[in-house]
Amino acid sequence: ENPLLLLMGVDYQAQAPAMAGRSLLALFVLTLWAARLCAFVTLRNRDRSEDRRYQALRRAHSSGFRSQPVNRERVLDRGLWRYTRHPNYFGEACVWWGIYLLALGAGAWWALPSPMLVQLLLRLGGIELVERDIALRRPSYPDYARRTNAFWPGPPRRSGSRPA
């Protein structure tokens, strides 16, 4: 995802009619961020096998979520999933709205359809399809859905209350 965001910034700058100060600053910061992250990961992992932390996590969780029959029907309701049923979708929308705000700051008001399209796709294709499948596989999911917002993070409701 990091190289993709950098490529999007470079592409926008290449198509811009003039190099404005704010857009150049945003591209510069984006380039520094992407280069730093790439260099950090590359240098850290050069001449090494897989990171020992990942190996430890895999060992620790190999006896957890899907490998244990008792966990196969349970619903993850801890961490971010306590506040929203789809934190990954919320994060994706935040990225696209952030890109739109950067574009808007550079005068590209016409970029508004992009985050709106992402919202529409998440609503029509993502959340509903995923939830139908989960509800079939996990009997406790309807109770979790009543307690937890689908998209916007918020405090959990009591089990008996209805979603807002």
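The values are calculated or read from the model by the stated rules, or taken from the named source; none is laboratory data. Keep in mind that this is a model prediction, so the values were computed, not measured. For neighbour counting, all protein chains shown are included, and Cβ atoms are generated from backbone atoms with ideal geometry for every residue, glycine included. Keep in mind that these areas ignore ligands, DNA and RNA; they rest on the heavy atoms of the full protein, side chains included. Shrake-Rupley method; radii C 1.70, N 1.55, O 1.52, S 1.80 Å.
A few notes on this one:
- The single residue among ALA14, ALA18 that is open to solvent by 60 Å² or more (accessible area, probe 1.4 Å), not β-branched (Val, Ile, Thr) and not in a helix (DSSP H, G or I) turns out to be ALA18.
- Qualifying residue in the stretch 115-130 (condition: more than 29 Å from GLY9 (Cβ to Cβ) and over 21 Å from the mean Cα position of the chain (by Cα)): no
- Looking across GLY91, GLY9, GLY21, one residue alone is under 21 Å from the mean Cα position of the chain (by Cα) and without any contact (Cβ under 8 Å) to a residue 12 or more places away in the chain. It is GLY91.
- Lone unmet requirement of (1) open to solvent by less than 70 Å² (accessible area, probe 1.4 Å); (2) farther than 21 Å from GLU73 by Cβ; (3) out of contact with any helix residue (DSSP H, G or I) (no Cβ under 8 Å at 6 or more places or on another chain) for SER140: (2)
- Restricting the search to helices (runs of 4 or more DSSP H) fully inside the stretch 70-156 and requiring at least 3 residues that are at pLDDT 85 or above and in contact with a Lys or Arg (Cβ under 8 Å, 6 or more places away or on another chain) gives 141-147.
- Long-range neighbours under 6 Å by Cβ, at least six apart or interchain, first residue among the β-branched types (Val, Ile, Thr) within the stretch 109-120, second open to solvent by 60 Å² or more (accessible area, probe 1.4 Å): VAL118/TRP96
- Search result, residues across the stretch 126-137 that are in contact (Cβ under 8 Å) with a residue 40 or more places away in the chain and either open to solvent by less than 90 Å² (accessible area, probe 1.4 Å) or hydroxyl-bearing (Ser, Thr, Tyr) (or both): GLY126, ILE127, VAL130, GLU131, ILE134
- Of all the criteria given as (1) part of a loop (DSSP other than H, G, I, E, B); (2) open to solvent by less than 50 Å² (accessible area, probe 1.4 Å); (3) modelled with pLDDT under 85, the one not satisfied by GLY160 is (2).
- Meets criteria (touching a residue at least 24 places away in the same chain (Cβ under 8 Å) and out of contact with any strand residue (DSSP E or B) (no Cβ under 9 Å at 6 or more places or on another chain)) for ALA106: yes
- When residues of the stretch 28-52 are limited to those that are over 22 Å from the mean Cα position of the chain (by Cα) and not in a loop (DSSP other than H, G, I, E, B), the one farthest from ALA108 (Cα to Cα): ARG52
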